[in-house]
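Below is one structure, written out as structure tokens; comments come after it.
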Amino acid sequence: MKVIEIKDVNKIYNSTEIKVHAVNGVSLDFDQGEFAAIVGPSGSGKTTLLNLLGGLDLPTSGKILIDGEDLSKLKSSQLIDFRLRNIGFVFQSYNLIPVLTAEENVGFIMALQKIDRKEREERTWSLLKAVGLGDRLNSRPAKLSGGQQQRVAVARALASRPKFVLADEPTANLDSKAAKTLLEIMEKLNREEKITFIFSTHDPRVVKMARRVITLEDGKVISDEVKKQSNDPENG
Amino acid sequence: MNDFQMAWRNIWRNRRRTLITAASVFFAVFFALIMRSVQLGSYDRMFKNVIESYSGYIQVQQKDYFDEPVLDNSFELDQGLLDLIASDPNVKAVVPRLESFALAAAGSSTQGVVVMGIDPQGEKEVSEVHNRLVRFKLTDEAIKALMNETLPERTKKLLKIFKNEAYTGTGRLMLDMGLSEKDTSDVLPVFRKYASFSNYYLEEEDSMSVIIGDGLSDYLGLSIGDTIVLIGQGYHGVSAAGKYTIRGIAKIPSPDIDNIVVYMPVNTARKLYGAHGLSTSAVIMMNNTDEKSLVATAGRLAEVIPESLVLRSWKELNALMVNQMDADNKSGMIMIGILYLVIAFGVFGTVLMMLAERRREFAVLISIGMQKHKLAGVVAFELLLIGLMGVMAGVIASLPVVIYGNINPLRFKGQMASMWEDYGFEPIMPTLMPDAYYLWQTVVVLIILSIAIFFSIRKIYKLNVIQSIKA
Ligand SMILES: Nc1ncnc2c1ncn2[C@@H]1O[C@H](COP(=O)(O)OP(=O)(O)OP(=O)(O)O)[C@@H](O)[C@H]1O
Ligand SMILES: [Mg+2]
């Protein structure tokens with residue numbers, strides 16, 4: 001079943017004298033349960049594409065449908081609500097609200113969704129356990145390492161039970177060990193819970209773990225390959 | 001985790017910045033309140049003084065008297081009209097007065113004076129001249145004699161500072177002499193012996209005696225029992241002259257009046273000026289003296305007085321003073337305005353810093369699905385909390401100062417005091433008890449705060465999420 005349909009999407013930045021065609025005629029579909037990496041050289045349009053998928057930005061032309069719903073038809077406050085209900089986000093760094101503990105950061109998004117307290121607590125706890133932070137519930141972000149913060153961010157992204165999670169270079173600021181741990185957790189959640197992950201990366205070891213690799217260059221998709229078999233992370 | 005908790009934690013994430021912002025609001029509110037309270041307190045006192053010792057709250061006058069205050073514009077004030085006015089529920093007392101100018105002479109000095117013909121009994125409820133008679137006076141001789149007595153060193157020093165000061169009671173005297181309650185029994189007899197003053201109030205039928213202001217007595221060098229000669233122009237141009245014995249000296253809290261006033265029974269004044277049965281005004285004191293009651297009372301009185309007469313409010317009667325106060329008030333407001341402007345810039349500085357620092361965080365929150373209005377609500381709440389902390393601390397800290405200043409007003413001594421008196425002000429600075437002005441100061445701060453809040457909300461609504469996340 002298709003979660004995301006991208007139909008001939010263009011994004012042109014006109015802000016300066018130079019016209020930048022950041023996304024150039026991209027058409028892609030994503031199915032439920034994918035674990036897809038978007039790769040490509042710097043400036044190839046990865047972030048721009050993810051922003052369009054996340055409804056943070058609107059395409060210059062073309063259509064993005066999420067579960068059949070056209071993002072460009074939504075008003076800005078509806079778009080925020082749409083993101084809350086459908087999309088999980090993991091940013092490169094400083095994802096978390098500094099004044100909230102790990103537990104509260106994860107619970108926060110469910111509070112926005114008006115999920116009742118008991119369910120919130122249970123889910124928060126199981127998610128933080130799943131990302132290996134069951135013992136750091138009461139730590140504030142400043143007390144966590146970069147890798148731990150990113151794992152909290154993943155837990156938060158999943159807390160709202162989104163249709164898919166977008167992660168723009170989630171490992172860019174992590175050392176290779178922390179990067180590997182994070183990816184393993186994501187991969188496990190994908191495999192066991194059927195969570196759809198779409199992430200961009202420069203890191204070849206992360207690329208190896210993806211089951212689908214989409215390569216961009218100058219805003220165009222130059223290759224889109226689906227690996228036949230799920231990778232064993234140990235061999236990565 | 002509700003919005004309040006989140007806001008609360010946010011304001012303490014940068015403790016120093018929060019404290020500096022709250023402290024600047026605190027100081028602005030604190031100083032503005034004290035300044036305002038002293039300013040308004042002084043006005044209040046000055047107006048009360050002049051109203052209670054002279055003008056009354058409302059006067060009934062002949063139509064033209066206000067523009068041309070001469071005896072020819074006086075009127076016949078009969079008992080019937082006085083009774084009619086007195087029957088109004090808010091009228092405490094009403095007395096006739098005959099007021100005119102004269103030249104006073106004593107020895108070789110002369111001075112222009114205001115002769116006030118008063119009803120000695122009725123005036124007890126109006127200008128209370130009988131309560132203002134001088135009981136003690138620190139004349140040169142008195143001080144000389146007191147210096148030879150056993151008095152505390154401090155008191156001897158203070159004696160010189162308060163040279164020539166007149167006292168209508170022992171309380172002020174003891175205060176100025178730096179004496180406490182327990183010294184009173186030892187020291188007071190000494191002051192009684194050398195510095196006391198025998199004074200008499202006017203009697204209805206006494207056609208030979210007057211009471212003069214303490215300032216006037218100083219100027220003319222006159223004391224009890226001395227003679228004062230008054231020369232002036234009477235009703236319809238007749239000449240007026242009389243010789244009187246000074247029966248009392250009164251300390252009138254308005255220096256403007258104290259320096260020129262001569263009180264005599266109204267019938268004596270009528271005789272002096274050849275104005276039989278005439279009055280220049282009927283002076284009215286009120287029970288409730290707030291603006292609303294005064295206006296209501298004036299409305300009722302206007303219905304009952306004859307057409308040839310008019311009512312003049314204390315504001316009209318003291319127009320010069322009202323104008324002076326208005327000008328002074330405006331300059332005070334400008335000062336406070338500048339104070340608030342400085343504070344507003346300070347608050348804006350910290351708000352801008354806060355917004356810049358948290359731009360990325362706001363962007364993340366909006367990305368993951370927090371509505372802008374909810375986010376704006378949290379931020380507005382934070383600013384409101386910080387602002388209210390400052391306002392409340394300022395209000396609370398100012399209360400003891402203002403209340404103390406009202407009960408124990410700041411008094412000027414020596415040269416400073418005479419300087420104030422030269423300008424026609426009583427040398428005293430009481431504060432005004434907390435009143436509507438407290439509310440206004442708070443409202444002004446809240447307006448500044450709302451501007452900062454409005455600005456923050458706008459910033460949040462205009463936030464470019466993508467750019468901010470990159471940052
Ligand atoms: N707001 C903008 N205004 C103008 N041009 C922009 C803007 N944002 C991105 N671009 C341009 O669009 C192109 C794609 O940028 P994008 O950030 O998507 O690349 P990327 O693949 O994420 O690169 P990186 O790997 O360095 O993160 C670049 O040429 C960039 O300069
Ligand atoms: Mg990028």
First select every other residue whose beta carbon is under 14 angstrom from the beta carbon of B:N288; then total the charges, Lys and Arg +1, Asp and Glu -1. 0
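Given the C-alpha atoms of the protein assembly as shown, compute the convex hull and give its volume per residue in Å³.
Working: hull volume 177.9 nm³, N = 707.
It is 252 Å³ per residue.
Of all beta bridges DSSP finds with both residues in chain A, what is the antiparallel percent, to the nearest 5? Walk me through the numbers on the way to the answer.
Working: 21 of 37 bridges.
Just about 55 percent of them are antiparallel.
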What is the helix-to-structure angle for B:436-462, meaning the angle in degrees between its Cα long axis and the longest Cα principal axis of chain B, kept from 0 to 90 and rounded to the nearest 10? 20 degrees
Could you run the Karplus curve 6.51 cos²θ - 1.76 cosθ + 1.60 with θ = phi - 60° over segment A:154-168 and give me ³J(HN,Hα) per residue in whole Hz, x for Gly and Pro? 5, 4, 5, 4, 7, 4, 7, 6, x, 6, 7, 10, 9, 9, 8
Would you calculate the separation in nanometres between label points at B:S87 and B:Y461, each defined as 7 Å from the Cα along the Cα-to-beta-carbon direction? 6.4 nm
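Ranked from highest to lowest mean number of other Cβ atoms within 10 Å per residue, what is the order of the peptides B:139-150, B:67-78, B:258-269?
Top to bottom by mean Cβ count within 10 Å: B:258-269, B:67-78, B:139-150.
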What does the average come to when, for each residue of peptide A:51-60, you count the partner chain Cβ atoms lying within 10 Å of its Cβ? 2
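Can you give me the accessible area per residue for segment B:140-196, using a 1.4 Å probe, in Å²? If you can, show how the numbers build up before the last one.
Details: 3390 Å² over 57 residues.
Per-residue accessible area for segment B:140-196 comes out at 59 Å².
At 1.002 mPa s and 20 °C, plugging the Kirkwood radius over alpha-carbon pairs of segment B:223-287 into Stokes-Einstein gives what diffusion coefficient in µm²/s?
Details: Rh = 13.7 Å.
Answer from the Stokes-Einstein relation: 157 µm²/s.
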Just the accessible area for B:Y340, please: 1.4 Å probe, Å², rounded to the nearest 10? 10 Å²
Please give the residues from segment A:91-111 for which the solvent-accessible area of heavy atoms, probe 1.4 Å, is smaller by at least 20 Å² with all protein chains in place than with the chain isolated. A:F91, A:Y94, A:I97, A:P98, A:V99, A:L100, A:E104, A:F108, A:I109
Listing of segment B:451-471 residues, each with accessible area lower by at least 40 Å² in the full protein assembly than in the chain alone (probe 1.4 Å): B:I466
Got a sec? What order do B:I448, A:I214 fall in by accessible area at 1.4 Å, biggest, i.e. largest, first? B:I448, A:I214
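Using a 1.4 Å probe on the protein chains only, how many percent of the accessible area of segment B:393-459 belongs to carbon and sulfur? Provide the component values of the computation, followed by the final result.
Details: 2760 of 3870 Å².
In segment B:393-459, the share of accessible area belonging to carbon and sulfur is 71 percent.
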Under unit Cβ charges (Lys, Arg +1; Asp, Glu -1), what dipole magnitude, rounded to 20 debye, does segment B:140-196 have relative to its Cα centre? 100 debye
Taking the Cα-to-Cβ direction at B:I231 and at A:K208 and moving 7 Å from each Cα, how far apart do the two end points lie in nm? 12.4 nm
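Would you tell me the mean number of C-beta atoms belonging to other protein chains that fall within 10 Å of each C-beta in A:154-163, as a whole number? Don't skip to the end; give the middle numbers.
Details: counts 0, 0, 1, 1, 0, 1, 2, 0, 2, 0.
Neighbouring Cβ atoms belonging to other protein chains average 1 per residue here.
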Which one, A:A36, A:L174, A:G25, projects farthest toward the positive side of the charge dipole computed for chain A from Cβ point charges (K/R +1, D/E -1)? A:L174
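What's the magnitude of the charge dipole for the protein assembly as shown around its Cα centre, counting Lys and Arg as +1 and Asp and Glu as -1 at the beta-carbon? Answer in Debye, nearest 20. Display every interim value, and only then the final one.
Values: 81 positive and 80 negative charges, 879 e Å.
Value, rounded to 20: 4220 debye.
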Under 14 Å from A:K2, Cα to Cα: aspartates and glutamates that are on another chain or at least 8 residues apart: A:D29, A:D31, A:E34, A:D67, A:E69, A:D70
Spatial extent of segment B:140-196: Rg and Dmax, with the Cα atoms as the point set, Å: 10.0, 27
For B:E125, net neighbour charge (Lys/Arg +1, Asp/Glu -1) across residues whose Cβ lies under 14 Å away: 0
Each residue of A:83-90 has, on average, a number of other protein chain C-beta atoms within 10 Å of its C-beta equal to 3
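Accessible area per residue of segment B:300-427 at 1.4 Å probe, in Å²? Show your work: numbers first, answer last.
Numbers: 6610 Å² over 128 residues.
Per residue, segment B:300-427 has an accessible area of 52 Å².
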Projected onto the charge dipole of the protein assembly as shown (unit charges on the beta-carbon of Lys, Arg, Asp and Glu, signs +1, +1, -1, -1), the Cα from B:P69, B:M429, A:L58 with the largest positive-side position is that of A:L58
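Once A and B are treated as a pair rather than alone, how much accessible area drops out, both sides summed, in Å² to 100, probe 1.4 Å? If you can, show how the numbers build up before the last one.
Details: alone 11890 and 23460 Å², together 33300 Å².
Accessible area lost upon association: around 2100 Å².
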Residue by residue through segment A:55-62, the couplings from Karplus 6.51 cos²θ - 1.76 cosθ + 1.60 with θ = phi - 60°, in Hz, x for Gly and Pro, are x, 7, 9, 10, x, 5, 8, x
Accessible surface ranking that places the most exposed of B:W8, B:W314 first, with a 1.4 angstrom probe: B:W8, B:W314
Highest mean packing first, using Cβ neighbours within 10 angstrom, the peptides B:318-325, B:343-350, B:37-44 sort as B:37-44, B:343-350, B:318-325
Straight-line reach check, B:K156, cutoff 24 Å on alpha carbons, 8 or more apart in-chain or any other chain, hits among lysines -> B:K137, B:K144, B:K182, B:K193, B:K251, B:K413
Nitroxide proxy distance, nm - points 7 Å out along Cα→Cβ at A:D116 and A:K129: 2.1 nm
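Going down the table (B:K63/B:K292; B:K48/B:K330; B:K372/B:K459), which pairs top 18 Å between alpha carbons?
In this structure, B:K63/B:K292; B:K48/B:K330 exceed 18 Å between Cα atoms.
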For segment A:2-226, what % of the accessible area comes from carbon and sulfur atoms, probe 1.4 Å? 48 percent
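Assuming 0.36 nm per residue, please report the length gained on full extension of the stretch B:L320 to B:E128 beyond their Cα-Cα distance. Walk me through the numbers on the way to the answer.
Values: separation 192, 0.36 × 192 = 69.12 nm, distance 2.34 nm.
Working it through step by step, the gained length comes to 66.8 nm.
Determine the sum of side-chain charges near A:K46: Lys and Arg each +1, Asp and Glu each -1, restricted to other residues whose C-beta is under 15 angstrom from that of A:K46.
Numbers: positive: A:K11, A:R212, A:K220, B:K470; negative: A:D57, A:D168, A:E169, A:D203, A:E217, A:D218, A:D224.
Net local charge, A:K46 excluded: -3.
Rounded to whole Å and sorted largest first, what semi-axes of the equivalent ellipsoid does the C-alpha gyration tensor of chain B yield via the square root of 5 times each eigenvalue?
Details: eigenvalues 694, 177, 55 Å².
Working from the Cα gyration tensor, I get semi-axes of 59, 30, 17 Å.
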Which value results for Rg/Rh of segment A:41-173 when Rg is the Cα radius of gyration and Rh the Kirkwood radius based on the inverse mean 1/r? 1.00
Going by average Cβ neighbours within 10 Å, how do the peptides A:177-189, B:235-247 rank, with the highest at the top? A:177-189, B:235-247
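Averaging the inverse of every distinct alpha carbon separation and then flipping it gives the Kirkwood radius. What is it for segment A:2-226, in angstrom units?
Numbers: mean 1/r = 0.0560 Å⁻¹.
Answer for segment A:2-226: a Kirkwood hydrodynamic radius of 17.8 Å.
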Among B:L159, B:G346, B:M286, whose Cα sits farthest toward the positive end of the charge dipole of chain B (+1 at Cβ of Lys/Arg, -1 at Cβ of Asp/Glu, about the Cα centre)? B:G346
If you put +1 on each Lys and Arg Cβ and -1 on each Asp and Glu Cβ, how big is the dipole of chain B around its Cα centre, in Debye rounded to 20? 3600 debye
For the pair B:K374 and A:D67, what calculated FRET efficiency results from E = 1/(1 + (r/R0)^6), where r is the Cβ-Cβ distance and R0 = 30 Å, to the nearest 0.05? 0.75
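The values are calculated or read from the model by the stated rules, or taken from the named source; none is laboratory data. A quick note: this is a predicted structure, and the numbers were derived from the prediction, not measured. Heads up, the Cβs are rebuilt from the backbone with ideal geometry, glycines too, and the neighbour counts pull from every protein chain shown. Remember, those area values only see protein heavy atoms, side chains included, never the ligands or the DNA or RNA. Shrake-Rupley method; radii C 1.70, N 1.55, O 1.52, S 1.80 Å.
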